[in-house]
1. List every residue whose amide H lies under 5 Å from the amide H of residue A:2, counting only residues 5 or more places away in sequence or on a different chain, with H placed 1.01 Å from N in the peptide plane.
2. Separation of region B:56-85 and region A:331-363 by C-alpha centroid, Å?
3. For residue A:370, give me every one of the lysines with a C-alpha distance below 23 angstrom, ignoring sequence neighbours fewer than eight places off in its own chain.
4. Collect residues whose amide H, placed 1.01 Å from N in the peptide plane, falls under 5 Å from the amide H of residue B:131; neighbours closer than 5 in sequence don't count.
5. Taking each residue of A:240-250 in turn, how many C-beta atoms of other protein chains fall within 10 Å of its C-beta, and what is the average?
6. Relative to the present Cα-Cα distance, how much length would full extension add between residue A:62 and residue A:202 at 0.36 nm per residue of separation?
7. Counting other Cβ atoms within 10 Å, keep those with at most 13, restrict to DSSP loop, and tell me which trypsin sites (Lys or Arg not before Pro) in region B:391-479 are left.
8. Which one of A:355, A:395, A:280 has its Cα pushed farthest toward the positive end of the charge dipole of the protein assembly as shown, where Lys and Arg give +1 and Asp and Glu give -1 at the Cβ?
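Throughout, read-outs are computed from the coordinates displayed, never taken from laboratory work. All values derive from a computational prediction rather than experimental measurement. Every residue, glycine among them, receives a Cβ derived from its backbone with ideal geometry; neighbour counts consider all protein chains shown.
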Amino acid sequence: MAIKDNINIKDHKTTCASKILESFISPFDATVIEKLKAADVIFIGKTNMDEFAMGSSSENSIFGAVKNPYDPERVAGGSSGGSAVAVAIGACDAALGSETGGSIRQPASFTGLVGVKPTYGRVSRYGLVAYASSLDQIGAFAKTSEDAALILKTIAGHDVHDSTSAAEPVPDYDRVVGKEIKGLKIGLPEEYFAEGLDPEIRSGIMNAVRQLEKEGAKIETFSLPQTRYAIATYYIIATAEASSNLARYDGVRYGYRAQDAGDLNEMYEKTRSEGFGEEVKRRILLGTYVLSAGYYDAYYKKAMQVRRLIKDELNSAFQKYDAIITPTTPTTAFRLGEKIDDPLTMYLMDIYTVTANLAGICAMNAPVGKNSDRLPFGLQIMAPAFKEECLFQLGAFFEK
Amino acid sequence: MEYEVVIGLEVHTQLLTESKIFCGCSTKFGSEPNTQTCPVCLGMPGVLPVLNRKVVEFAVRLGLATHCQIRRNNRFARKNYFYPDLPKGYQISQFEEPICENGYVEIETENGKKRVGLIRIHMEEDAGKSVHDEAYVGSEETLIDLNRCGVPLLEIVSAPDIRSPHEAHAYLTKLRQLVRYLEISDGNMEEGSFRCDANISVRPVGQAALGTRTELKNMNSFAHVQKALDYEINRQINLLKNGKQVEQNTLLWDPQKNEARPMRGKEESHDYRYFPEPDLVPVFLDAPWFDSIKNALPELPDKKFERFLSQYNLPAYDTAILTESRDLADYFEQVAKHFTDYKMISNWMLGEVARTLNEQKITINEFPLTPQRLASLLKAIDGNVISTSAAKKVFEYLLSNEVSVDEAIEKLGLKQISDESRIEAYVDQVLSEFTNEVQAYKNGKTKVIGFLVGQVMRLSKGKANPQMVSSLLRKKLEA
């Protein structure tokens, strides 16, 4: 397996693709690494990513951009782009990535892989370098749903080191592979199929959905109106938490320290100005702003309220549907450099994926085909919290 | 014009938990710098806090003892600021929802009992220490010791109900007594486990609106608090008397120079950007947990004081000293199980015992005499086996010798002579030797009897029962 470089392996570097942690060696194993080691997994290496998992293209990295194996002119997606490519080119059987707003599902879609974001709390975050604590979750890339299910079974479960990890028992996820889908109720939220979606992706997904229908699944279109607030909500909460989580990179104890500072404040300023990349600085500034006195109620507090509405809306949809199917991304892999100077457009790449993180439910990209440029794309399956079995069941069906 | 002083105190008390609030590191004081640390309290990338539930229990104990409302569903918040001794760049604390609110502490003032309100008590983690030691580094460099980082604290915020440095002292004394009774903190101000900041303002008597306040920090002993408050109150009153304004400011007390200096503006203009700590789940105090904490509360100082007054019929002065600490009170009660002249126990504890503790700089727990041995000693006096003055010698001997009271009396040869015929022999000898004094007594100078008693005691090497000596002398002189 390959491991995204924001997950700690003892005595190895954890750089988060950042200059500020370029030389940092972790003194401990992440809980997921301990579990994989216990299962005799061989680690082939750490993988490139967007700096501190902030990005949707794996271009924000001190090591340079990750390229898409289907077209080296294009991005692999992000932020877990390196892990996606490692699996896509067959360098390893599977890889760990991390999600905050789609960082596994989107690159999985761009590289034709299964990419699963488990329920918040399903997998311990201990040893995952925090970006946005209430959204972060470790997940996996694999060629098949069965492989992904096996990996999740290995890494999931309660951890005494992570209070937010769930006590929920871990089922044998791989047992559902091949299980009949007859009688499953599937919802298609119309907002996810509206303007901005690549028509080839739309028709690819609708083809897959028709297969489900043929096998006896019940398909219904419905509405998730709060979805339109998801991106705004996400970028307020994620950046607020990030501004605090990244405060520890100050040059005092470990990592990069600017050398020519005259006093403490200058040392902080220079270290952080030189050590962080543009996108990280942008998000820290945004997050600092939304938490500031006088703005907290209007931004952070409001975003938390909207997050609750989004969660409630999804949960009530799950009263009716076993799973929700949407596109994973509005387009296939875009060109390197195409969106890097336009953060807002880049942020919109997460439009279909952030809701699952905000609601804390589980979701997965299942590859469904390639477009006329031979670029892969997938569909997104969302299921209620702790119903990952449904993701693997449907994923395995599409693979068949 | 007369001015009224308004003081509110903010106390941080370090908790006596075995381990830190969010990791398993020891909280022991005084270890080598940076030896009691782990990736969690060092704020390494990827770590997460896990709450030590003992901290919640300790907070509830103090909340119950100070008549607070206790919040059942508790959340933590991040207080964000940069400082080298704060590894995560934020302190995990509580903000909008403190665990305890709206309590009070009762203090004694010149005008009787008074309640000082408590606005809140909340749980938080301590930061590390910045050490400036030119033996190791240059004057421009700072050393960081992170042993203290993550040690649990309770922050206790009083209402602005305190009206004098004297009341502030009484409040702090009471609060320290409480944390010690509850065994949640050692309350040691000099070692920094009990720290106090003050908000101070003055206003003309009769004015309802509060004056502009200043915040006073770095008062590291009870004496500093008194001095610093006096200093700042005088400074503010002088400003107002001269038609000047008090500036809202944070001041640092300098105990060497006996003055308070304003902190640099940069250090105090913080926007802490509080927000709920996403790495911790809310901790819920359910009924069984809450009840088990409540039921395990010890008898509190005020109750113990009242009980000692009535049960042992002791003067208020004695009772106040004996119940000052739980250990002293427990010691008294252990002695009282074996010996029932309670006032006599109290006299000895406030006298010889207290003197010994002072001289040897030890606590009652380290005192070499068990309550049982002290009781035997007092019984020996009571039963006329030894005189009080002999008992003091026996007491000294017992302090450094592991022997029983009887053995000590035997060894020192201090057994009192209560045999009337032997005492009579001494008395007769003295009466025949000191004829001048005998004559003086008979002439009405009865005070001379003291001298004659002394001579008998000298003759008996201090062993004669002094009561018997004096009554026999009197009998013979007046015959």
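1. When sequence neighbours closer than 5 places are left aside, the close amide H contacts are A:44, A:94, A:95, A:96.
2. Here the two parts' Cα centres lie 39 Å apart.
3. A:67, A:117, A:143, A:214, A:339, A:400
4. HN-HN under 5 Å from residue B:131: B:143, B:144, B:145.
5. Across the residues of A:240-250, the mean count of other-chain Cβ atoms within 10 Å is 6.
6. 46.9 nm
7. Passing both the DSSP loop test and the Cβ count: B:445, B:461.
8. The listed residue farthest towards the positive side: A:355.
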